[in-house]
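The structure's right below; bear with me while I get my questions together.
Bear in mind these aren't lab numbers, they're just calculated from the coordinates by the rules spelled out. Since the model is a prediction, treat every value here as computed from it, not as a measurement. Ideal geometry is used to build each Cβ from the backbone, glycine not excepted, and the neighbour counts take in all protein chains shown.
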Amino acid sequence: MSSLTARERAGSIGANDRIRIAQIGCGGRGRQAHMEGVHKHDKAQNVEFVAVCDPWRIAREEAAAMCKQWYGTDVKQFVSYRDVLAMKDLDAVMIASPDHHHALQLEAAARAGKHVYVEKPMARNMKELLAAVDAVQAAGIVVQVGTQTRSLPTSTGARELWKSGLLGKASRIEQCRNGERPYWYGFVKAHLPKGKEIRKEDIAWDEFLMNAPKRPFDPEVYAGWYGYLDYSDGPVANLGCHFLDLMHYITGASYPLNCFCNGGIYTWKDEHHFTCPDHAEALWEYPEGFMVAYSSNFGSSGGSRHRYFCEKGQLNMDNWSAPTYSAEGGPKRDGKIRGVNPVQPIETPDHFLDWLQCLRTGKKTRAPIEAGYQHSVAVIMAAISYRTGRKTLYNPRKREITFA
Amino acid sequence: MNHNITRRDFLKTSATLAAGASMVGCTSLTALQRARSIGANDRIRIAQIGCGGRGIGAHMAGVHKHDKVQNVEFVAVSDPWRLAREKAAALCKEWYGTDVKQFSRYCDVLELKDVDAVMIASPDHHHCAHLEAAARAGKHAYVEKPLARNMRELHRACAAAEAAGIVVQIGTQIRSLPTSTGAHELWKTGLLGKASRIEQCRNSERPYWYSRLKDIKKEDMDWEEFIGNAPKRPFSAELYSGWYGYLDYTDGPVSNLGCHFIDLMHYITGAKYPTNCVCNGGIYTWKDEHNFTCPDHVEALWEYPEGFMVAYSTNFGNGSGNRHRYFCEKGQLIMDNWSAPTYSAEGGPKRDGSIRGVNEVKAIETPDHFLDWLQCLRSGKKTRAPLEAGYQHSVAVIMAVMSYTTGRKTFYDPQRRQIYTA
């Protein structure tokens, strides 16, 4: 990507220009969330997919077929994101590749002057994170980070409730997100529909591996990458980033002071040899004076919950589409909160629409690059602590993670 | 523990004990005495060391319930605070019509030749020193939890207790609830399958140390006796009455409350030692003129070699969110109320239809924790919470404290009986 530098600062998009988008990563998330999510708005917003890219032939052909149906056109199909970014008549890309590609592809897109919608978690290490964030700032592109829970109307409602101070100071914010099976089992070979087996000749294997350790073609690894530490950092990073991002959005907190993380594989040991923990918990201390705890246990689905424990009560996010609050447990409750109250929704555009609107207005998205930076710092701190057994510390001035 | 201490270890420890006897503060007790064996008709003579709420309200009252039937009697009381020991002595007067001996120093109690056993309800930083000294004096002991605050004093106390052959009951009395033995039996059946996570969240609206604060006059206090092995400080009524909130004398909620949870989990599952531990926390809510140093929110995560995570947390910034669960493959054991545990198939990925609905854990009658100790004093049998139990909960909580202090994951090596850090 070295030939494309900040020249191509993101092109400004005219009020009547048709926005041309390419999809990078055409798996379930790319097709059903990104493409469908934009398609809902494409006429009103005057946007169109013009290219699709995936190292697996079957996936990109399916994405191309969707475009054919929607627009009647034969979109360009690429194996490598590099070829997508070389397209001159392209305004923006949507990135739904495996976790280990996100930061690299975001950086490359920024350097190519393309606006970006990028999936979470945004980065897996500080080096790639800083390179991507700095490239985004230099290029001035519009970025929406794929933590779409921010765009639920009740999330902005919870943020306004928080600002009112009604709940008082928090002491602990936690999510326990448990299940009877790790989510990566839903993607393994055995679950692929007939006719969609992953064959070596259909895959650009090096393009999938990219910055991950070299290893021979293995359809299990490709289909089940969510379960392998070479490509993802497990539930704290992959699911916990939603919780962290929402907590940052609601409370205005930006970075943890420190983090401790523990976990392992206790229940799901089998022929797949997955390496991601099937039970992990991370504990972050925040400078605002509260503990943030995230855990996933895939040895039992019991015990799931999502709470903000505060001095004057609690915000109950067990169902994060329908949050409530009450005075329960607050040592300084003062009679102002009575009973269990629904958080008032505040209408906001959906996460895709918000991005499309910002592409045209140049305004800040609801989950801007700073949001991705913040959730990434927190999950990287957890991943390093998990690996090393050390408490990790963050220095926001130096943008550095160190050890206690 | 008896099983994994070698003779050489024992000799080494005994030598250390002889050389360092002054550590426990009782210089005259340099030689180890074997515990007196108690005859079937002998009256058991007990001294109370530590006459605070726990000493008087739990220990003395708990033994008094059985004193006629078991033929036991309190004969001496000890506390550095005059008012506490006088209150304890007054109770004895009421119960036995006698004027029991009163001491400010525990060492003086141990000098009494006709005392068979002591009950230790001193502040946390004294437990090990008091147990070790009691063992050296050949007195049987009932000792409060947490048993120890560091590995050095833990090893010394355990070696002394084993060498003296005393009967020890550790004050983790939840073991003696009939439903705890019921849960242990349920666990052994395998009905619940393998555990993946065992957790307790024990929260409340205020740290427990606040309710202890009271006015205490300097002239009523043997201050050095209270300080013991803790850093020297000038007299302070706040430090004495609020010691539960200061890290000089205790290690906060994971150690002081979490040890009950850990001990019960060891009892139910048969697990003994964690593989490793991380612990994080701080003071978030209760910052005031008392300058308490114990965390008001803290959580520890232990991995066990049996293949599960054990999590304990306390939050004093909000009183809700309490729970106590054993999450297993075929269901869960719900200990939210640990006097009335239940189990169900909820959440178990491998539930197989053998658990239906929510079921009460069957109670299995056991003597209460004090009675069990009294019976064992006479029979010489093993108590329900023997020395090993105290050793095991201590290892787990010391690992948590070290991790909290150092910011490093701690590991336990059961062969070497050592904790080391990542």
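Quick one: divide the alpha-carbon radius of gyration of the protein assembly as shown by 2.2 N^0.38 Å and tell me what you get.
1.11
Please report the base-10 log of the normalised intensity I(q)/I(0) for chain B, using a Debye sum with one equal scatterer per alpha carbon and no solvent, at each q in 0.10 (1/Å).
With no solvent term, the Cα-only Debye profile gives -0.69.
Seen from all sides and averaged, what is the projected area of the convex hull of the Cα atoms in segment A:54-202, in nm²? Present the calculation step by step, with values, prior to reporting the outcome.
Working: hull surface 54.0 nm².
Its average projected convex-hull area is 13.5 nm².
Just tell me how shielded B:279-288 is by partners: mean number of partner chain Cβ atoms within 10 Å of each residue's Cβ, no decimals. Provide the component values of the computation, followed by the final result.
Numbers: counts 4, 12, 4, 6, 1, 11, 11, 2, 1, 0.
Neighbouring Cβ atoms belonging to other protein chains average 5 per residue here.
What does the extension gain come out to for residue B:356 and residue B:248, with contour length at 0.36 nm per residue minus their alpha carbon separation? Display every interim value, and only then the final one.
Working: separation 108, 0.36 × 108 = 38.88 nm, distance 4.92 nm.
Length difference between fully extended and current span is 34.0 nm.
Sticking with this structure for a sec: Counting other beta carbons within 10 Å of each Cβ, put B:209, A:284 in order, fewest first.
By the 10 Å Cβ count, ascending, the order reads B:209, A:284.
Give me the aspartates and glutamates in straight-line cross-link reach of residue A:269: C-alpha distance below 18 Å, same-chain residues under 8 apart excluded.
Leaving aside aspartates and glutamates fewer than 8 places away in the same chain, those within reach of residue A:269 are A:180, A:220, A:230, A:233, A:278, B:303, B:306, B:329.
While we're on this one: Quick one: check the C-alpha center-to-center distance for segment A:155-189 versus segment A:22-38, whole angstrom.
So the two Cα centres are separated by 24 Å.
How much FRET efficiency would the formula 1/(1 + (r/R0)^6) give for residue B:42 and residue B:108, where r is the Cβ-Cβ distance and R0 is 22 Å, rounded to 0.05? Don't jump to the answer; show the numbers that get you there.
Working: r = 23 Å, r/R0 = 1.04.
Here the calculated transfer efficiency is 0.45.
Rg and Dmax of segment A:127-202 over Cα atoms: what are they, in angstrom?
According to the Cα coordinates of segment A:127-202, Rg and Dmax are 20.8, 60 Å.
Please average, across the residues of A:254-260, the number of beta carbons from any other chain that are within 10 Å of each residue's own beta carbon, and give a whole number.
Values: counts 0, 0, 0, 1, 3, 2, 13.
That average works out to 3.
Over 21 Å between C-alpha atoms is what I'm after, so list which of B:101/B:381; B:113/B:382; B:188/B:350; B:214/B:287 land there. Mind showing how you got there, number by number?
On the way: B:101/B:381 30 Å; B:113/B:382 24 Å; B:188/B:350 18 Å; B:214/B:287 19 Å.
B:101/B:381; B:113/B:382, as the Cα separations exceed 21 Å there.
Given a Förster distance of 25 Å, report the FRET efficiency between residue B:189 and residue B:340 from their Cβ-Cβ distance, rounded to the nearest 0.05. Don't skip to the end; give the middle numbers.
Values: r = 20 Å, r/R0 = 0.78.
That pair, residue B:189 with residue B:340, gives E of 0.80.
Shifting gears a bit: Cut-off is 10 Å between beta-carbons; in what order do A:89, B:220, B:372, B:251 appear when sorted fewest neighbours first? Before the final figure, lay out each step's value.
On the way: A:89 8, B:220 15, B:372 21, B:251 25.
Fewest to most other Cβ atoms nearby, the residues stand as A:89, B:220, B:372, B:251.
222 nm [θ] for chain A, helices only, -39500 (n - 2.57) per DSSP H run of 4+, per residue, to 500?
Values: 13 runs with 121 residues, N = 404.
Calculated mean residue ellipticity at 222 nm is -8500 deg cm²/dmol.
What lysines does residue A:214 reach when the alpha-carbon gap must be under 23 Å and sequence neighbours fewer than 8 apart in one chain are set aside?
In chain and number order, the partners are A:127, A:189, A:200.
If R0 is 60 Å, what FRET efficiency do you get for residue A:194 and residue B:94 from their C-beta distance, rounded to 0.05?
Details: r = 84 Å, r/R0 = 1.40.
So the FRET efficiency works out to roughly 0.10.
Now for a different question. Over the whole of A:268-280, what's the average partner chain Cβ count within 10 Å per residue? Rounded to a whole number, please.
Details: counts 2, 1, 0, 0, 0, 0, 0, 0, 0, 1, 1, 8, 2.
Across the residues of A:268-280, the mean count of other-chain Cβ atoms within 10 Å is 1.
Highest first, please rank the peptides A:293-306, B:138-151, A:42-55 by the mean number of other Cβ atoms sitting within 10 Å of their residues. Can you show the working numbers first?
Details: A:293-306: 23.9, B:138-151: 26.1, A:42-55: 20.8.
Those peptides, ordered most packed to least, come out B:138-151, A:293-306, A:42-55.
Further question on the same structure: Scan chain A and note any complete DSSP helix (H) whose C-alpha atoms cover at least 18 Å along its axis and whose Kyte-Doolittle average is -0.5 or more. Kindly include the intermediate steps, with their values, before the conclusion.
Numbers: long enough: A:57-71 (21 Å, -0.63); A:126-139 (19 Å, 0.89); A:369-388 (28 Å, 0.55).
Span-like helices in chain A: A:126-139, A:369-388.
For chain A, which semi-axes, largest first and in whole Å, follow from the square roots of 5 times the eigenvalues of its Cα gyration tensor? The partial results should precede the final answer.
Values: eigenvalues 232, 135, 84 Å².
Result for chain A: semi-axes of 34, 26, 20 Å.
OK, next. Given labels modelled 7 Å from the Cα in the Cβ direction, how far is it in nm from residue A:74 to residue A:350?
With each label placed 7 Å out from Cα toward Cβ, I get 3.1 nm.
Mind computing the radius of gyration and Dmax over the alpha-carbon atoms of segment A:336-404? Å is fine for both.
For segment A:336-404, the Cα radius of gyration and maximum Cα-Cα distance read 18.5, 46 Å.
Follow-up. Quick one: check the C-alpha center-to-center distance for segment B:382-408 versus segment B:212-247, whole angstrom.
Result: 25 Å between the Cα centres.
Might you list the cysteines of chain B that have no disulfide-compatible partner by the rule of another cysteine's Cβ under 4.7 Å?
Among the cysteines of chain B, those whose Cβ sits 4.7 Å or more from every other are B:51, B:92, B:128, B:158, B:201, B:259, B:277, B:279, B:294, B:328, B:376.
Within segment A:336-354, find all residues whose amide N lies under 15 Å from a label point positioned 7 Å from the Cα of residue A:370 along Cα-to-beta-carbon.
none
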